Structure formats: C-alpha cells, structure tokens
Amino acid sequence: MTDTALASLYGYPADRTWVTANFVSSVDGAVSVDGRSAGLGSPADKQIFLLGRSLADVVMVGAGTVLIEGYRPSKQLPIAVVTARGTLTPDLPLFSDPSLRPIVITTASAKLPPSLPADVIIAGDTEVDLPTAVSELAARGLHKINLEGGPRLFGSMIAAGLVDAINLTMSPLLAVGDSTRIAYGSVVPPVDLTLSSVLRADDVLLLRYQRQNSS
C-alpha cells in the first residue's frame, strides 16, 4: 500500500478525542522477548509504529515502559508519561533535551523530583484517574492519543472504557518464556471489537480493531 493509503486506513477521526493502542505480540501471546518488545519487531511493524506517531497528537505511555524501552525525546510529538508514584528522574534519556519537555501525568501524592524538566498534569490523589488524564490532554489540543503501553496501563485504559482502537502486529514467533500479555489488570467484562483491516507483510500480520461502540 502507498503511504497515503496507509495513512487513510490508520487515521484518526477529526471530530473527537480518540485513543489508539499500538502493540506487537508473538503468536503465543508474548509481549516481549528478553524483556523488550524489540525482539518481536519487524520492518512492517516499525513502519506502522512510526505511522501511528505521525498521525497522532501525543504518545501516552507508562513509566515502566519508558524505563524498560529507553524512551528518548521526540521532535515529532509530545510524550505523555503516566506514573502514579512519580518514579522518574531527570537523568533518564527521555529528559535529555530541555527543549523537548515531556508531559508527566501523575498524582497529588507522587514524589516527583523538583528539577524534573516536564510539564506536569495532576490527575488523582493516589492513583492516576485516566479519564481525567485523557480530558487534560484533550484540553491542551491533544485529541489523537497514541497509546504505546505498557500492558498494565493498557489494561487500565480498557477498564476505564477509554480505548477506541488497537493496532496489533502478530509476530511469527513462539516466544514461550514468562512475558506478560499485551493487557492485564483488574477483571472487566470483555470488550467487543470489530476487525477494521488486515494487512500481511511476509509472515507478519498487521491487524486493526475498533471498539464496537466507537465511531
């Protein structure tokens, strides 16, 4: 497919706030190999990952994923990090460029370092109130939200009814190991999805699902 056709297929609606989750998984459900998602990646997955960022207004990601994956500043769009306890320090790669300040979504009880070069959103007292977090991003004009993980944040976003679509790459691997699934957390009623598109790149499947009541 052409870049224009892919952008049309994976685009966001123009008239509302929309959260699209992006994940890669092995055939047997692993979300990482040796602790990182890079072991499941492929050129096709990387293309969709970069496309997702190019179409979004903001990346939303949990602090654990930032630490594990070594997130760095993005000139393309702001990165909003979710952390209930404030487990971020100024020496992390994400804060290496003062001109590209991330957003940190946290709680009133969090112990963020005073010197942290970030724009801080307080959403909740001891736990991050995710509907408030999404509303605060939207109030800043950041309506197209690209959710990049990790599994616990994804699970919490599902439980809060905030995930509208998911781009899921199925990597042709059996990873076994002790990796988690792409979403976990509290038990919630299953969410019905509609399969929006299927693309194939060699043995890699690129799936796009949409929540049935999202439009």
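The values are calculated or read from the model by the stated rules, or taken from the named source; none is laboratory data. Values in this document were obtained by computation on a predicted structure and should not be read as measured data. Heads up, the Cβs are rebuilt from the backbone with ideal geometry, glycines too, and the neighbour counts pull from every protein chain shown. Each accessible area value is taken on the protein alone, full model and side chains, heavy atoms only, with ligands, DNA and RNA left out. Shrake-Rupley method; radii C 1.70, N 1.55, O 1.52, S 1.80 Å.
Please give the length that would be gained between Val120 and Thr2 if that part of the chain were fully extended, namely 0.36 nm times their separation in residues minus their C-alpha to C-alpha distance (nm, one decimal).
On the way: separation 118, 0.36 × 118 = 42.48 nm, distance 3.84 nm.
Here the answer is 38.6 nm.
For the chain, what relative contact order do you get, as a whole percent, if you take Cα pairs closer than 8 Å and at least 6 residues apart?
Relative contact order for the chain comes out at 27 percent.
Using helices alone, I'd like the mean residue ellipticity at 222 nm for the chain: each DSSP H run of four-plus residues gives -39500 (n - 2.57), total over residue count, nearest 500.
It comes out at -6500 deg cm²/dmol, rounded to the nearest 500.
Give me the dipole magnitude in Debye, nearest 20, for the chain about the Cα centre, with unit charges on the beta carbon: positive for Lys and Arg, negative for Asp and Glu.
220 debye
Normalised by the residues of the stretch 109-215, what does the relative contact order come to in percent, with Cα pairs under 8 Å and at least six apart? Intermediate values should be presented prior to the final figure.
Working: 103 pairs, mean separation 25.6, N = 107.
Normalised by residue count, the contact order of the stretch 109-215 is 24 percent.
Compute the orientation-averaged projected area for the stretch 74-115 from the convex hull of its Cα atoms and round it to one decimal in nm².
Numbers: hull surface 11.7 nm².
Here the figure is 2.9 nm², rounded to one decimal.
Counting every Cα pair in the chain, what percent are over 22 Å apart?
Counting every Cα pair in the chain, those more than 22 Å apart make up 49 percent.
What share of the DSSP beta bridges in the chain is antiparallel, in percent to the nearest 5?
40 percent
What nm value, rounded to one decimal, do you get for the distance between Ser135 and Ile68 when each label is placed 7 Å out toward the C-beta?
Reported label-point gap for Ser135 and Ile68 is 3.1 nm.
Expressed as a whole percent, how much of the Cα-Cα distance distribution for the stretch 51-164 exceeds 26 Å? Kindly include the intermediate steps, with their values, before the conclusion.
Values: 545 of 6441 pairs.
The proportion of pairs with Cα distances above 26 Å equals 8 percent.
How many nm is it between the label spots at Lys111 and Ala160, if each spot is 7 Å from the Cα in line with the beta carbon?
Using points 7 Å along Cα→Cβ, the separation is 2.4 nm.
Stokes-Einstein D for the stretch 112-158 at 25 °C, 0.890 mPa s, Kirkwood Rh over Cα pairs, in µm²/s?
Calculated translational D: 202 µm²/s.
What distance in nm lies between label points placed 7 Å from Cα along the C-beta direction at Ser99 and Leu195?
Computed distance between label sites Ser99 and Leu195 equals 4.7 nm.
Send over a whole-number figure in Å² for the accessible area per residue of the chain, probe 1.4 Å.
Details: 10850 Å² over 215 residues.
Heavy-atom accessible area per residue stands at 50 Å².
Carbon-plus-sulfur fraction of the accessible area of the stretch 156-215, 1.4 Å probe, in percent?
So the carbon and sulfur contribution to the accessible surface is 54 percent.
For the stretch 1-67, with only Lys/Arg (+1) and Asp/Glu (-1) charged at the beta-carbon, what is the dipole magnitude about the Cα centre, in debye rounded to 20? Provide the component values of the computation, followed by the final result.
Numbers: 4 positive and 6 negative charges, 18 e Å.
Charge dipole, the stretch 1-67, about its Cα centre: 80 debye, nearest 20.
For Tyr184 and Thr87 in one chain, what is 0.36 nm times their gap in residues minus the Cα-Cα distance, to one decimal in nm?
That works out to 32.9 nm of additional length.
With a 1.4 Å probe and every protein chain kept in, tell me what percent of the accessible surface of the stretch 58-112 is carbon plus sulfur.
The nonpolar share, carbon plus sulfur, comes to 54 percent.
With r as the distance between the Cβ atoms of Val176 and Asp15 and R0 = 45 Å, compute the FRET efficiency 1/(1 + (r/R0)^6) and round to 0.05. Provide the component values of the computation, followed by the final result.
Numbers: r = 44 Å, r/R0 = 0.98.
About 0.55, to the nearest 0.05.
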